[in-house]
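A short write-up of the structure that comes next.
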Amino acid sequence: MLFNSWTFVFFFLFVYLAYLRLGHVGQNRLLFGAGLVFYGTWDWRFLGLLMATTLVDYWVGLGMAGSSSPKKRRLLLAIAITTNLGSLAFFKYCDFFLDSLVGLGRLFGIELPIVPLGFLLPVGISFYTFQELSYVIDVHRGAVAPCRSLRDYAVYVTFFPQLVAGPIERASHLLRQVVQPRVITWAGVRQGLWLIVCGYFLKVVVADNAARLADRSFDAPDGTGADALLGIYAFALQIYGDFAGYSNIARGTAALMGFDLMVNFRQPYFATSPSDFWRRWHISLSTWLRDYLYIPLGGNRRGPTRTQANLIVTMLLGGLWHGANWRFALWGLYHGILLALGRLVRPAAGARPAWWGAVLWPLRVVLMFHLTCYGWLLFRCNDLSQAVEFPQRIAGNFHWTDRASLDATMLLWLAIPVLLLDGASELAQRLGVAARFRVGQTMLRLVAGLLMLLAIYELGVRHGKQFIYFQF
Amino acid sequence: MTDPASLSAVASTAVLPSAGDRAVRSTLFWLILCATAIAVATAHWLQHRYTFVSSPVDPATGRVLPRMMPHGSYGAFLPRSDAASNPPGRQPIVLLGNSVYQTCGIVERMQGLAEADGGQLAFVNRAQTGAGMHDYFAHMVKAVDLRPRLLVVAFIDLAFTPDYMRWSLPRFRTDADQMLFDSDVVLDVPWSFLHREFTLSTGLDSLVSSLFPYKRLDVLMRYEVDLGLYWPIVNTLHVDPVIVRVLFPLPVLNLTQDWVDRRDAPRSAQGRAQPWPELHELVTEFATVCQQNDVPVLFLHQEAASEMEPDVLPALRAACAPFAKVRVVDLRSAFVRTQFIDQVHPHEAARDAYAARHYKAILQALEELPAGAPGARSGK
């Protein structure tokens, strides 16, 4: 059930109307049922898998609470991790590793008699697996208490706004809200509607239109350098609009129901360094990787070399989390190397005057954007040879054609509203003016919201693509 | 990390929602219900107000004027439903067709020929621009209620192929969607058709179209805006339309699809199109419903350029063979490129001859196909 479909609009309308009439327990029962229906419309066969991991993690949580033996708690944690990562590995990575094994064999002239299993990938498995893992690890660490109600825990796992593509929530944040009665306020409703309008705008206007340009560029074998560059820019816009759009709709629908989901994107293309980028892009994943992978690996506590290695390993695994493909691994590795290099060239605090930073800021933003874009080329390329060929085309065969000029104009018109939205947020945050101009902000939002609705109506792609991150 | 407070304990100590929260929820509930009801009512009122002029008529001559709109927009044209749909004492001939029948005045010309022949036939025009096989199906189910002497399906090959998808014509166009959900239609549509063709998504999409016909309104209202604003700007300021589209995209239909996709749609790819995999089942279901209602059918392949292949006629003829009251006629050989605006639409000067050919084919089919028992309507 895509957010950008009438099926979802109808579904949410019915669920929301019922939600408004129910008490807390009734709301949670409704949310659990809605989560199952929402997930079941993708493929009802995987509901069993979702429920199985939910039950195991719930039982493990209770088991750890009832035991004071560290050994037993470790054993329970191992069971939960094995179950969650095992199902993820089986459904997502099994064929990938088998294919890689066959490829490796061929390199040495050995034809291995291995046939890929061809399992379907359960939608959202990477997201809900990480969310469940965070729960059992936090319970094991004593950071959160186990949830005693199976219904509440199941709502935490199957909460439909963020079930299939995040944000990856933590028990300390979302489960607490599930357990507590929610309060719906007009401010929350306004915020929710704003996020939903922004989300749909980013998805059906920006991402789906940019996707047409990106697809055409990446699928054209004879394009010029200008086509290649525009294709990469278009994909940068597409993936941001797609994923941030989804996150906004998820946060908005949750806000209408009185929930507060974590912010997943914070103007990522205004980042000035690799570490700044990951503080702004897919925040729920980057913080998950930090808390459950990077820090347990040693973080930055074991010297500079080990820190760099930890960064690279964490990002490599983060890349593989996105998909069972070497180009995702390469993308992760690339970002890991960027983060490691970023630490090396980080200037010491107070080394330069403040005005120097202001002068350098736009240059650093542009540089970081282009470094990110090369990462997107690795992420999107049809095969890895494109990652080499595109830069060659840009350097050696760059000229504007009529089509490239038209595409550039269109891309510009798609990018301008994103720049305005993110630029305004960035500026407001930097100058701290958001709180001081609340009335003006409301009026601006009203006007911007109406314009975005008009754009969704006029320019939105009907029967658009499914969200990119659903495949992860 | 948060403090390890028990989440269950949090629940027991949490402040229960206040009366204020209940008031917000109650207000929201009624607000959403009222807004939905108002939206549905307004949409239907607007539809009622706008949709009777699916094709403008020249008041001086009484002729239907063509409205050439690009394909790819939902419900670009509504099927014309003639007021005198079943005049007493005449034999109704229901015509299901595409833009040629709907906008080129062919049906009106055929009616003129019928009047000259003694006025025994009344042509009922149910043509819809860009109609595909699934649209014909919905219109047919609606049309059998008129107990026509003959049901004519004027088509081009593309109408029976998924290639229409490439032209951004969705498989279920708005009007067919909505008609399928009319109570008199949905009861007559074979279960196998609904089961095969509808998914949860397309079904709900159609249901929304029925409740809130925004798709139909969308195109009609855009078209009004287009006429009112877009062309005056282009014509008076002599600005390149492409630039106006960028600066002022509101009145342009499906801007981005026009811009990005259609420009590059390779015409040669039409040759690779194949008929719907379920063509046989579709035609069988179509003919069966007609047979149950004792309505003879004429599938009339319109004049069309050769590049409008693939040739679906062999498959169509095979599917129609078991039905005694179904005929298939091919008029493609009458296509002369200089007489046509494009691959299917005749020039004004060629329309009389076009109508005469179709009229003749219909008369021949009437001779060959015996009429059903008057008033017979069975097989509900």
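Let me know the mean shielding of B:22-29 by other chains, meaning the per-residue number of their Cβ atoms within 10 Å of its Cβ. Present the calculation step by step, with values, prior to reporting the outcome.
Values: counts 3, 0, 8, 8, 2, 3, 8, 6.
If you average over the peptide's residues, the count of other-chain Cβ atoms is 5.
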**Message:** Need one number: nm distance between label points at A:A424 and B:A324, each 7 Å from Cα along Cα→Cβ, rounded to one decimal.
**Reply:** 7.2 nm
**Inter-label distance for A:L431 and B:K360, nm, one decimal - labels placed 7 Å from Cα along Cα-to-Cβ** = 7.8 nm
**Fill in**
Between B:A60 and A:Y457, Cβ-based FRET efficiency (R0 56 Å, step 0.05) works out to 0.95
**Prompt:** What shape does the stretch A:165-306 have by the C-alpha gyration tensor, where a ≥ b ≥ c are the square roots of the eigenvalues, rounded means a/c under 1.5, and otherwise prolate means a/b greater than b/c and oblate the rest?
**Reply:** oblate
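Peptides B:103-111, A:415-423: what's the order by average Cβ count within 10 Å, highest mean first?
For the peptides B:103-111, A:415-423, the packing ranking is B:103-111, A:415-423.
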**Kirkwood Rh and Cα Rg combined as Rg over Rh, evaluated for the stretch A:183-238** = 1.31
**Prompt:** If you take the square roots of the eigenvalues of the alpha-carbon gyration tensor of the stretch A:208-275 and sort them as a ≥ b ≥ c, do you get rounded (a/c under 1.5), prolate (a/b over b/c) or oblate?
**Reply:** oblate
**Item:** Sorted by Cβ density within 10 Å, fewest first, the residues B:T288, A:T253
**Value:** B:T288, A:T253
**Request:** Could you line up A:M368, A:M262 from fewest to most neighbouring Cβ atoms inside 10 Å?
**Result:** A:M262, A:M368
**Asked** How far, in nm, would the chain grow between B:L31 and B:W191 when pulled straight, counting 0.36 nm per residue and subtracting the alpha carbon separation?
**Response** 53.8 nm
**Message:** Using the basic label-point model (7 angstrom from Cα toward the beta carbon), what is the A:A395 to A:L98 distance in nanometres?
**Reply:** 4.1 nm
**Request:** Compute the FRET efficiency between A:R151 and A:V359 as 1/(1 + (r/R0)^6), taking r as their Cβ-Cβ distance and R0 = 56 Å, and round to the nearest 0.05.
**Result:** 0.50
**Message:** What does the extension gain come out to for B:L211 and B:E368, with contour length at 0.36 nm per residue minus their alpha carbon separation?
**Reply:** 52.3 nm
**Asked** Which value, in nm² and rounded to one decimal, describes the direction-averaged projected area of the C-alpha convex hull of the stretch A:68-187?
**Response** 11.1 nm²
**Asked** Tell me, in nm to one decimal, what length is gained between A:A52 and A:K72 on full extension, where the rule is 0.36 nm per residue of separation less the Cα-Cα distance?
**Response** 5.1 nm
**Asked** Which chymotrypsin sites (Phe, Trp or Tyr not before Pro) from the stretch A:337-409 combine a DSSP loop assignment with at most 16 other Cβ atoms within 10 Å?
**Response** A:F398, A:W400
**Item:** At R0 = 51 Å, FRET efficiency that the Cβ-Cβ distance of A:T409 and B:R22 yields, to 0.05
**Value:** 0.45
**Message:** Suppose we keep just the alpha-carbon trace of chain A; what are its Rg and Dmax in angstrom?
**Reply:** 23.1, 72
**Request:** For the stretch A:14-130, take the alpha-carbon Rg, divide it by the Kirkwood Rh, and send me Rg/Rh.
**Result:** 1.14
**Message:** For a test of the definition: using alpha carbon positions, the gyration tensor, and the 1.5 limit on a/c, classify the stretch A:1-68 as rounded, prolate or oblate.
**Reply:** oblate
**Prompt:** Can you pull the mean other chain C-beta count within 10 Å for peptide A:140-150?
**Reply:** 4
**Request:** Within the stretch A:91-188, list the chymotrypsin sites (Phe, Trp or Tyr not before Pro) lying in a DSSP loop whose Cβ has at most 11 other Cβ atoms in a 10 Å radius.
**Result:** A:F108, A:F119
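Bear in mind that the values in this text are calculations on the coordinates, not laboratory data. On a predicted model such as this, the values are computed, not experimentally measured, just so you know. Ideal geometry is used to build each Cβ from the backbone, glycine not excepted, and the neighbour counts take in all protein chains shown.
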